[in-house]
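Remarks on the structure that follows.
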Amino acid sequence: MKYFFLSGSLRKDSLNTKLLHMAAQHLSSPVSDIANLNNLSIPLYSGDIEAVGIPDNVQKLAKCIDQAQALIIASPEYNYSISGVLKNVIDWVSRIRPMPLKQKPILLMAASPGPIAGIRGLWHTRVPLEGLGNYVFPEMFSLGGSFQAFDDNGFVNPDDQKRFVATLDGFEKFSKALTLK
Ligand SMILES: Cc1cc2nc3c(=O)[nH]c(=O)nc-3n(C[C@H](O)[C@H](O)[C@H](O)COP(=O)(O)O)c2cc1C
């Protein structure tokens, strides 16, 4: 299995990007990359830009997605819904042919300071990904009160650690079952 990770936050100290780094440490398979969208400077989708040519950095990202067997996405909830950064990337990648963002097993995670833990955003994130034909893992990992939920050793609450590990283990099995068919 080869995983590719994507964060829906551009923030330097993003809690969601931190979740991805923690997931990378736990997985038994290699992680091809944790994409840093700040370095890619992907423009807002415009049909006019597309008419001139899909930007190189979108092509680069699409290639990473294509070469991965499974994706893990961690994203904040913005105003009860999907992060605009993430939606923009999905929109761009969906314009590439052959379209790499289909039939991929995908795990969704969210960290949020609020008590609802970003889960509403993840439900909205499922829509474009499932619409494009991906296998979004039914279980999603969401972490509320997240500014207090980590320290240098990982999760403060052992129950969060257990949930995290159980979700990742379940996703690894799910991805392997789908890709080995
Ligand atoms: C525009 C905006 C809207 C937000 N809306 C929500 C929200 O609806 N629910 C929520 O739990 N947190 C919301 N937040 C707080 C984010 O969850 C918080 O900033 C989080 O730390 C962002 O993730 P990051 O640490 O990965 O950057 C919002 C933040 C911003 C900037």
Using DSSP H assignments, which helices in the chain have an axial alpha-carbon span of 27 Å or above and a mean Kyte-Doolittle hydropathy of -1.0 or higher? 158-179
Theoretical gain in end-to-end length, residue 1 to residue 124 [0.36 nm per residue, Cα-Cα removed]: 41.6 nm
Taking segment 3-179, the equivalent ellipsoid from its C-alpha gyration tensor has semi-axes in Å, biggest first, of 26, 18, 14
How about residue 2: which aspartates and glutamates have a C-alpha closer than 17 Å to its C-alpha, ignoring those fewer than 8 places off in the same chain? 33, 66, 169, 172
Rank-order 10-19, 33-42 by packing density, defined as the average count of other C-beta atoms within 10 Å over each peptide's residues, highest first. 10-19, 33-42
Applied in sequence order to segment 146-155, the curve 6.51 cos²θ - 1.76 cosθ + 1.60 (Karplus, θ = phi - 60°) yields integer Hz couplings, x standing for Gly and Pro, of 6, 5, 9, 7, 10, 9, 4, 9, x, 6
In nm, give the distance between the simple-model label positions of residue 179 and residue 156, each being 7 Å from the Cα along the Cα-to-Cβ direction. 3.5
Of all DSSP beta bridges located in the chain, what percent are antiparallel, nearest 5? 15
Phi-derived 3J(HN,Hα) across segment 102-115 with the Karplus relation (6.51, -1.76, 1.60, θ = phi - 60°), rounded Hz, x for Gly and Pro, is 8, 6, 9, x, 9, 9, 10, 9, 8, 10, 8, x, x, x
Can you give the charge dipole size of segment 3-179 about its Cα centre, rounded to the nearest 20 debye, using +1 on the beta carbon of Lys and Arg and -1 on the beta carbon of Asp and Glu? 320
Give the relative contact order (percent, whole number) for the chain; include only Cα pairs under 8 Å separated by 6+ residues. 23
By the scheme Lys and Arg +1, Asp and Glu -1, what is the net charge of all other residues having a beta-carbon under 13 Å from that of residue 76? +2
Could you sort 119-129, 145-155 so that the peptide with the highest average Cβ count within 10 Å comes first and the rest follow in order? 119-129, 145-155
Mind sorting 142, 46 by how few other Cβ atoms lie within 10 Å of their own Cβ, fewest first? 46, 142
Using just the helices of the chain, give the 222 nm mean residue ellipticity in deg cm²/dmol: DSSP H runs with n ≥ 4 each add -39,500 (n - 2.57), and the total is spread over all residues, rounded to 500. -13500 deg cm²/dmol
Going by average Cβ neighbours within 10 Å, how do the peptides 20-27, 80-87, 102-109 rank, with the highest at the top? 102-109, 80-87, 20-27
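Just so you know, all these numbers are worked out from the coordinates, no wet-lab data involved. Just so it is clear, the structure is predicted and the values come from calculations on it, not from any experiment. Note: ideal-geometry Cβ built from the backbone for every residue, glycine included; neighbour counts use all protein chains shown.
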